[in-house]
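Accompanying notes for the structure given below.
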Amino acid sequence: MGYTSNTLIIRRDLLKHIVRLFADGKLVEEIDRIPLQMVPKRQKAQNRCCIHKERAVIKYKLFPLLGYTVDDEKDELTPLSVYAENAQNRTQVKKEIMTVVDEACTSCVKAQYVVSNLCRGCVARPCMMNCPKDAISMVNGQAQINNSKCINCGICQKQCQYHAIIHVPIPCEAACPVGAISKDEYGVEHIDDDKCIYCGKCMVACPFGSIFEVSQLIDILMCIRKEEHTTAIFAPAIHGQFNLTTGQIENLLKEIGFNEVVEVADGARKTVEHESAEFLERLDEGAPFMTTSCCPSYVETVEKHVKGLKPFVSDTPSPMMYAADIAREKNPGTKVVFIGPCIGKRKEARRNEKVDHVMSFEELNALIVGLDIDLGAVPDNENRNNIKTLDRGFALSGGVAAAVKAERPEANIKELVINGVDKKAVGMMKAYARGKAPANFIEFMVCEGGCINGPASLGEMAGNRKLFNSNLK
């Protein structure tokens, strides 16, 4: 995730409100009061022009937390209570993974080039002379950009010899490694699902908290309320989120209401076994290299942007899928809920019916707070070992490569670890797609630091790593 911000605090507060109301059986009756409670009548506006704008933003931020996109609103007079009631009665989750709350996405600059007071109003005027859209004029001896004409080409900045024109990046667009997000004619960002890799970098980067993943929390809580058999499969990265032993995590999830608990690290063991065997088989067949396949956002990047790399991607299922198999071996009819820090897992679950729902660490934390669970009082389960294994090391960048090397020490594995994918890394992937790479085994993690730093993690990377290492002895 990288850092803590006020937008994260607001999102997590909204989640906690939803959980508390659901637990008290008052979600439908009280949800319309949340914006009023968070922005009381006589409170001075903190983040927007007025309290009414702030209330509207909070209202629409509740949409994705209830499992909707803002486009699901057909009548502005329909209260949140109607959506909350429908959320508790629906039988299918939304296909959309992410959404932009347009009420909140209105404050970023529309033109990304701005003339500073360094402009000397020179006679040459190269900015004005070379603008392809005639968007620059001289006003009171200084250049001025007409935002309605500017197309953000950057020619004016390159031509200015005084460096008086500055580029103002759009945080979400700058963070997206594949150009999947852009503004429409109203200045609102939209995510192109045909390009999106669900890495969540835009969500973390947005300084207005406008970008959300579409939650399945209500659907999961309804499964528990209706006493359907549910199995929680938790990602190894959880050890970098909560100061709990593995046994305590199991008992915590059962206290929340899950019937069974499976470690995704158990699935990682099967991934290692199959992926290492596949690696040797591919090299015997003459393949120059093979890449990992357990990071869903990396797989999406290949599928949508670097198709030439697809023949080199491992066919081995991810640890989540193997963990789901373990859960269904114990109870074929169980509802499987993956718990982790990753938005991409929501898309992977959509592609495979083995996993019914996905819950983020943020949502799990909201359950803990909303249900008033005292983590210090959660009992341990001594039958659950708490050793730092290579399978649990999948949570860290380099963990998959380390596990595969340990599984096949006799193999000549020359690994390359790609620790975080940005625009530069995507270009590098396109170069590898030509069939040449500096290693024969390449591990790709889209999140810098690995899964412990996923977009729905609770802390910053260094803290998550330290907690992970201290929890697993």
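The values are calculated or read from the model by the stated rules, or taken from the named source; none is laboratory data. Owing to the predicted nature of the structure, the values given are computational and were not obtained by experimental measurement. With ideal geometry, Cβ positions are generated from the backbone for all residues, glycine too; neighbour counts draw on all protein chains shown. Surface areas here come from the heavy atoms of the whole protein model, side chains and all, with no ligands, DNA or RNA. Shrake-Rupley method; radii C 1.70, N 1.55, O 1.52, S 1.80 Å.
The table below lists the values:
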read-out: Hydrodynamic radius (Kirkwood) for segment 220-471, which is based on Cα pairs only, to one decimal in Å; value: 18.6 Å
read-out: Per residue accessible area in Å² of segment 220-471, where ligands, DNA and RNA are left out and the probe is 1.4 Å; value: 39 Å²
read-out: Two-site label geometry, D284 and K307: point separation in nm, points 7 Å out along Cα→Cβ; value: 3.2 nm
read-out: Residue range of the chain that is longest and free of GluC sites (Glu not before Pro) which are both DSSP loop and sparsely packed (at most 10 other C-beta within 10 Å); value: 77-184
read-out: At R0 = 22 Å, FRET efficiency that the Cβ-Cβ distance of E273 and E329 yields, to 0.05; value: 0.85
read-out: Label point 7 Å beyond Cα of M129 along Cβ direction - residues of segment 148-168 with amide nitrogen under 15 Å; value: 156-162
read-out: Full-stretch length increase - Y162, N146 - with 0.36 nm per residue and alpha-carbon distance subtracted; value: 3.8 nm
read-out: The chain - share of DSSP beta bridges that are antiparallel (%, nearest 5); value: 40 percent
read-out: Solvent-accessible area, 1.4 Å probe, carbon plus sulfur percent, for segment 236-299; value: 42 percent
read-out: Chain lengthening between T4 and C122 when straightened (0.36 nm per residue, less Cα-Cα); value: 38.1 nm
read-out: Table column - 3J(HN,Hα) (Hz), segment 410-425, Karplus curve with 6.51, -1.76, 1.60, x for Gly and Pro; value: 7, 7, 8, 8, 10, 8, 10, 9, 8, 9, x, 10, 10, 4, 5, 5
read-out: Those aspartates and glutamates that a straight Cα-Cα span of less than 20 Å connects to K26, excepting residues fewer than 8 apart in one chain; value: D13, E85, D219, E227, E363, D372
read-out: Accessible surface, segment 112-168, averaged per residue in Å² (probe 1.4 Å); value: 66 Å²
read-out: For D374, solvent-accessible area (1.4 Å; no DNA, RNA or ligand), Å²; value: 100 Å²
read-out: Efficiency of FRET from Cβ geometry, E415 and N47, R₀ 60 Å, rounded to 0.05; value: 0.85
read-out: Inter-site label distance for D266 and D374 at 7 Å from Cα along Cβ, in nm; value: 3.0 nm
read-out: Dimensions (Å) - segment 112-168, Cα atoms, principal axes, largest first; value: 23, 19, 16
read-out: Expected-Rg normalisation [2.2 N^0.38 Å, Cα atoms] applied to the chain; value: 1.07
read-out: Accessible area, probe 1.4 Å, largest first, for residues D134, D391, D192; value: D134, D192, D391
read-out: Built amide H within the under 5 Å cut-off of L416, gap 5+; value: F441, I442, E443
read-out: Potential lengthening between E382 and S182 on full extension [0.36 nm per residue; Cα-Cα distance subtracted]; value: 66.9 nm
read-out: Residues whose placed amide H lies under 5 Å from that of K388, excluding near-sequence neighbours; value: K473
read-out: Heavy-atom accessible area ranking, 1.4 Å probe, most first, across S182, S148, S397; value: S148, S182, S397
read-out: Of K16/K388; K195/K424; K95/K133, pairs whose Cα-Cα distance is over 28 Å; value: K16/K388; K95/K133
read-out: Net dipole in debye of segment 292-341 [+1 Lys, Arg Cβ; -1 Asp, Glu Cβ; about Cα centre; nearest 20]; value: 100 debye
read-out: Förster radius 30 Å - calculated FRET efficiency between K94 and I224 (Cβ-Cβ, nearest 0.05); value: 0.90
read-out: Loop-exposed chymotrypsin sites (Phe, Trp or Tyr not before Pro) per DSSP, neighbour cap 16 Cβ within 10 angstrom, longest uninterrupted part of the chain; value: 187-473
read-out: Of K183/K423; K110/K307; K270/K304, pairs whose Cα-Cα distance is over 22 Å; value: K110/K307; K270/K304
read-out: Cα-centre dipole for the chain with unit charges at Cβ (Lys and Arg positive, Asp and Glu negative), debye to 20; value: 1760 debye
read-out: Simple label model, 7 Å out from Cα along Cβ direction - R351 to S107, nm; value: 3.6 nm
